[in-house]
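To start, the structure itself, in structure tokens.
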Amino acid sequence: MSKTKTKATLTRKDFVSDQDVRWCPGCGDYSILAQTQKVFPDLGIPKEKFVFISGIGCSSRFPYYMNSYGFHTIHGRAPAIASGVKLANRDLSVWVITGDGDALSIGGNHFIHLLRRNLDINIVLFNNEIYGLTKGQYSPTSELGKVTKSTPFGSLDRPFNPPALALGASASFVARSVDVFGKHLQQMIRRSYEHEGTSFLEVYQNCLIFNDESFKSLTDKETRGDHALFLEHEEPMVFGNEGDRGIRLDGFTPQVVTLGKDFSKDDLVVHDESDKNLAVILARFTHDDRFPQPIGVFYESREPTYEDLLENQINKARETLGEGDLEQLIRGSDTWEVE
């Protein structure tokens, strides 16, 4: 699909459906929905070109609340259905809305295969590190030792690291934002749309009922500076409430350093969104208290999409073999009998 803008005068209201929103009051999902509805009018394509496809979970009610085409499907299978929609109509902007349980547990296999195929589909993963819809069991991204009703003595599973998983599955776009970072989240949604290929956007989302304040260190203004590393392409990696710390590399080993007497910004690693090795290093900061949490675009590369490769393959087959005859194929001689 061409990402060229066309004239389409739309406002946020055009993407607000007539459905009552049934998330818990104060849920982070409201912010993600609001930022999406703010960004989409500016993308410049008719709203009937957007399709939202979801699996099961709190986040998966999203398609009801967008005034566009949508499909609330089955648990973990949204990527498969989205792939079919995209291949049937390349002009559509297809979005998969999923959660940490839906994408990384029940739908884990579908998730990684969509990433490696690189269809031009956008995945937005609402990561609240808990199963909210089913009343608070630990999820694939819950921290080790998480105490829930299903793990009263603490979970024994090491958590998935979504950006690392996506990079390992050959994702061509990997980014992260936070539900309450309104402007930043809008930027990441726009970048996801503009990317040609499968985009993966992880959004830290607060579940105030079953996992409240799990991202407090990032969202609290007093602590955010020391715990969030905002990634800017071609800019040195600086963080800290006073902007007085940064990330440098000793070989392939990242280090947190204090700027001043011994180190300056010139000693810090400069972010490069095209550097996959650097993206992998940044992804490993997840769940590591020694480092701030990267926020922004980890990695982006331009690679052929699955639909482009498929179209080229079909065209070459036609050039070599002709248009083909389905009826002849079905009733041809290459058959056998089972006795």
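The values are calculated or read from the model by the stated rules, or taken from the named source; none is laboratory data. Note that the structure is a prediction, hence the values are computed from the model and not measured. A quick note on method: Cβ atoms are made from the backbone with ideal geometry, for glycine too, and the neighbour counts reach across all protein chains shown. Just the protein is used for accessible areas: all its heavy atoms, side chains included, with ligands, DNA and RNA removed. Shrake-Rupley method; radii C 1.70, N 1.55, O 1.52, S 1.80 Å.
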Item to check | Count of residues meeting criterion [in a loop (DSSP other than H, G, I, E, B), touching a residue at least 24 places away in the same chain (Cβ under 8 Å) and over 17 Å from Phe126 (Cβ atoms)] in the range 78-114 | outcome: 3
Checklist entry - Taking interchain pairs and intrachain pairs at least six residues apart, which have beta carbon atoms under 6 angstrom, with the first residue in the range 208-237 and more than 20 Å from Gln187 (Cα to Cα) and the second surrounded by fewer than 16 Cβ atoms within 10 Å (Cβ to Cβ)? => result Leu208/Gly26; Ile209/Cys24; Ser217/Thr223; Asp226/Asn241
Checklist outcome for this item: Screening Thr148, Thr141, Thr198, Thr223 for residues that are surrounded by fewer than 18 Cβ atoms within 10 Å (Cβ to Cβ) and among the β-branched types (Val, Ile, Thr) leaves only Thr223
Item to check | Single match in Lys265, Lys183 (criterion: within 30 Å of Ala82 (Cβ to Cβ) and basic (Lys, Arg)) | outcome: Lys183
Checklist entry - Is one or more of the residues making up the range 264-282 on the phi > 0 side of the Ramachandran plot and either basic (Lys, Arg) or over 20 Å from the mean Cα position of the chain (by Cα) (or both)? => result no
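Can you say whether Arg284 is surrounded by fewer than 18 Cβ atoms within 10 Å (Cβ to Cβ), farther than 20 Å from Gly197 by Cβ, without any contact (Cβ under 8 Å) to a residue 40 or more places away in the chain and of a type outside the set (Ser, Thr, Tyr), as far as the supplied structure shows?
no
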Next on the checklist: For the range 297-339, give me the residue count where each residue is in a loop (DSSP other than H, G, I, E, B), open to solvent by 100 Å² or more (accessible area, probe 1.4 Å) and hydroxyl-bearing (Ser, Thr, Tyr).
Outcome noted: 1
Checklist entry - Restricting attention to the range 2-12, does a residue exist that is modelled with pLDDT under 95, within 22 Å of Ser177 (Cβ to Cβ) and either β-branched (Val, Ile, Thr) or not in a helix (DSSP H, G or I) (or both)? => result yes
Checklist entry - Pick from the range 151-167 the residues that are open to solvent by 20 Å² or more (accessible area, probe 1.4 Å) and more than 26 Å from Arg190 (Cβ to Cβ): which of them is nearest to the chain's Cα centre (by Cα)? => result Phe160
Item to check | Set Ser150, Ser172, Ser93: member being out of contact with any Ser or Thr (no Cβ under 6 Å at 6 or more places or on another chain), at pLDDT 95 or above and among the hydroxyl-bearing types (Ser, Thr, Tyr) | outcome: Ser93
Checklist entry - Looking only at the range 244-266, which residues are out of contact with any helix residue (DSSP H, G or I) (no Cβ under 8 Å at 6 or more places or on another chain) and open to solvent by 70 Å² or more (accessible area, probe 1.4 Å)? => result Asp250, Thr253, Thr258, Lys261, Asp262, Lys265, Asp266
Item to check | Among residues of the range 261-290, those that are in a loop (DSSP other than H, G, I, E, B), modelled with pLDDT of 95 or more and within 22 Å of Leu185 (Cα to Cα), counted | outcome: 7
Checklist entry - How many residues, within the range 22-77, are part of a helix (DSSP H, G or I), open to solvent by less than 60 Å² (accessible area, probe 1.4 Å) and either of a type in the set (A, V, I, L, M, F, W, C) or touching a residue at least 40 places away in the same chain (Cβ under 8 Å) (or both)? => result 14
Checklist entry - Would a scan of the range 136-145 turn up a residue that is touching a residue at least 12 places away in the same chain (Cβ under 8 Å), over 29 Å from Glu196 (Cβ atoms) and in contact with a strand residue (DSSP E or B) (Cβ under 7 Å, 6 or more places away or on another chain)? => result yes
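Given the criteria farther than 22 Å from Phe285 by Cα, open to solvent by 10 Å² or more (accessible area, probe 1.4 Å), aromatic (Phe, Trp, Tyr) and touching a helix residue (DSSP H, G or I) at 6+ places or on another chain (Cβ under 9 Å), does Tyr131 qualify? Spell out how you get there, then give the answer.
Numbers: farther than 22 Å from Phe285 by Cα: yes; open to solvent by 10 Å² or more (accessible area, probe 1.4 Å): yes; aromatic (Phe, Trp, Tyr): yes; touching a helix residue (DSSP H, G or I) at 6+ places or on another chain (Cβ under 9 Å): yes.
Taking the combined requirement at face value, the residue satisfies it.
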